[in-house]
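Scroll down for the structure; my scribbles are underneath it.
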Amino acid sequence: MSKRVLMVFLILLVLTFSGCSKEKTSEVISETIYALGTVIDIQIYDENVDKAKKAIQESIERITEIENKMSVNKDISEVILINENAGENPVQVSEDTFYVLKKAKEYSKLSNGAFDLTIEPIVKLWGIGTEDARVPEKEEITSLLNLVNYEDLKLDESTNKVQLNKKGQAIDLGGIAKGYAGDEIKRILLENDINTAFINLGGNVVTLGTKVDGSSWRIGIQNPLGDRGNYIAVLEVVDKTVVTSGNYERYFIEDGKRYHHIINPKTGYPAEEGIISSTIVTDKSIDADALSTSVYVLGLEKGMELIESLDNVDAVIITEDKNVYITEGLKETFNIVDDSFILAN
Ligand code: FAD
Ligand code: MG
C-alpha cells in the first residue's frame, strides 16, 4: 500500500470544540484501522469499555469480510470472480455481495448511467490512485467504453447468481461499498447496545444518535481547494450519514491538468461538469455513497434534480466557481465558515 494511498482520508472533519457534558461519564473508545484502501476511524462514547471494544472488534471483522468479498485489489474476491467469468459463466455470490450489486445497479439506472458499476475497465486504464496512473490515448478509452453498461449485469435473485454479458466487462464497487461497510458498522454497534458513535471511513461519515451532551454532531465540509482539514462549512446532524465525493484526494496532475478518480461513463474521462465536491446527507450510507458519486458526474442541475426527487436526502454541492448549493432540508443547520465560498441558493 503506497503512502500516497494511505493519505486518502479525512475529507470530512468532526469539530471537537463543542465538548462533552460534565454529568455524563461516557468515555471515548476508539480504533483506527487501514482497510478498503483508506483510513477507518470508529469512535464510541459509552460507559462500558468492554462492550465498546467488543463492538469495535466485530466491526473490524465485518469490514475485513466485506473487503474480502468486494475488493478488486486483492488476489481473489467474489467481485474478481464475476469479472474473470464475464461473458462465460454465472457466479454465485453471498447475500452481501448480491445486495450491494443490486443497489449499485439500481443507482446506475436511477442516475441514468452517471453512476455505472461496470466502470472498472476505464478505472483500471487510468490507474488513478496507483503508481501506474497515466492519461490514456483516446483510442484506448474508446475501445473500452463499449464495455461499460450496467444493463449487462444479470442478477438472479432466486439463486444469487450473477453474470456480466461480455468478456472484458468488469465491476468496481469503489463508489458504493464503503457506504455499505458504514451501514454494517452502524448495525453492529446498535446490536451491541451502543447508541453514541462517530465513524469515518475515509470521508464517509456515519453518526449514531447525538453527541453525549445531546447536541448535534458537527461535521466540517472540506475545502476542495484547500489543505486537508481546512473546511468551508459546518453541517449539524443527528443519526445521519454524510458522504462526500471530491476531486481533491485521488488524482494526478499532468501538463497542469488535474485528472481525478470519478469517471464520466459517457466519455471515459474524469467527470468535469463543474462540481468539485458533492456531499450527501441521509440515513443509509450505501445510498449516500452511490448518490455522492452520481451527483458529481451529473453536474449541478441534473444532480440537484435527482436529489430533490428523493425523500429524506439532502446535498451540499460545491462548484468550481466556489458557489455552494444546498437542499431545503439543510437550510436551518448549515453554516459557511469560509467567506470566499458563497451560498448560492
Ligand atoms: P467515490 O466518489 O465514492 O467513488 C469513486 C470511486 O468509484 C472511484 O475510485 C472508482 O473506483 C469508482 N468510480 C469512478 N467513477 C465511477 C462512476 N461513474 N460510477 C461508479 N463508480 C465509479 N483503494 C486502494 O488504493 N487500495 C485498495 O486495496 C482498495 N481496496 C478497496 C476495497 C473495497 C471493497 C472498496 C470499496 C474500495 C477499495 N479501495 C482501495 C478504493 C478506495 O477506498 C477508494 O478511494 C474509494 O472506494 C473511493 O471512494 P471515494 O469516497 O473517494 O469516492
Ligand atoms: Mg461514492
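Checking each residue in segment 160-187 for being assigned to a loop (DSSP other than H, G, I, E, B) and open to solvent by less than 50 Å² (accessible area, probe 1.4 Å) picks out ASN160, GLY168, GLN169, ALA170, ILE171, ASP172, LEU173, GLY175, ILE176.
Taken together, the criteria exclude ILE199 from residues that are within 22 Å of the chain's Cα centre (by Cα), assigned by TED's automatic domain parsing to the domain that holds VAL100 and buried (at least 21 other Cβ atoms within 10 Å of the Cβ). Would you confirm whether or not segment 271-289 contains a residue that is closer than 25 Å to LEU145 by Cα, within 16 Å of ligand 2 (Cβ to nearest atom) and part of a helix (DSSP H, G or I)? Within segment 271-289, one or more residues are closer than 25 Å to LEU145 by Cα, within 16 Å of ligand 2 (Cβ to nearest atom) and part of a helix (DSSP H, G or I). Residues in segment 216-236 that are aliphatic (A, V, I, L, M) and open to solvent by 10 Å² or more (accessible area, probe 1.4 Å): LEU225 only. If you check GLU131 against the conditions, is it exposed (fewer than 14 other Cβ atoms within 10 Å of the Cβ), outside the structural domain of GLY37 (by TED's automatic domain parsing) and at pLDDT below 95? Spelling it out, GLU131 is indeed exposed (fewer than 14 other Cβ atoms within 10 Å of the Cβ), outside the structural domain of GLY37 (by TED's automatic domain parsing) and at pLDDT below 95.
Filtered by the rule that a residue be under 22 Å from GLU58 (Cα atoms), in a loop (DSSP other than H, G, I, E, B) and not hydrophobic (A, V, I, L, M, F, W, C), segment 188-222 gives ASN192, ASP193, ASN195, THR196, GLY202, GLY203, GLY209.
Filtering segment 223-251 to residues that are farther than 18 Å from GLU332 by Cα and in a loop (DSSP other than H, G, I, E, B) leaves ASN223, PRO224, LEU225, GLY226, ASP227, ARG228, GLY229, ASN230, ASN247, TYR248, GLU249, ARG250.
The values are calculated or read from the model by the stated rules, or taken from the named source; none is laboratory data. The shown structure was predicted, so the numbers you read here are calculated from the model rather than taken from an experiment. Because the Cβ atoms are built from the backbone with ideal geometry, glycine has one as well, and the counts that use them run over all protein chains shown. With ligands, DNA and RNA removed, areas are computed over all heavy atoms of the protein, side chains included. Shrake-Rupley method; radii C 1.70, N 1.55, O 1.52, S 1.80 Å.
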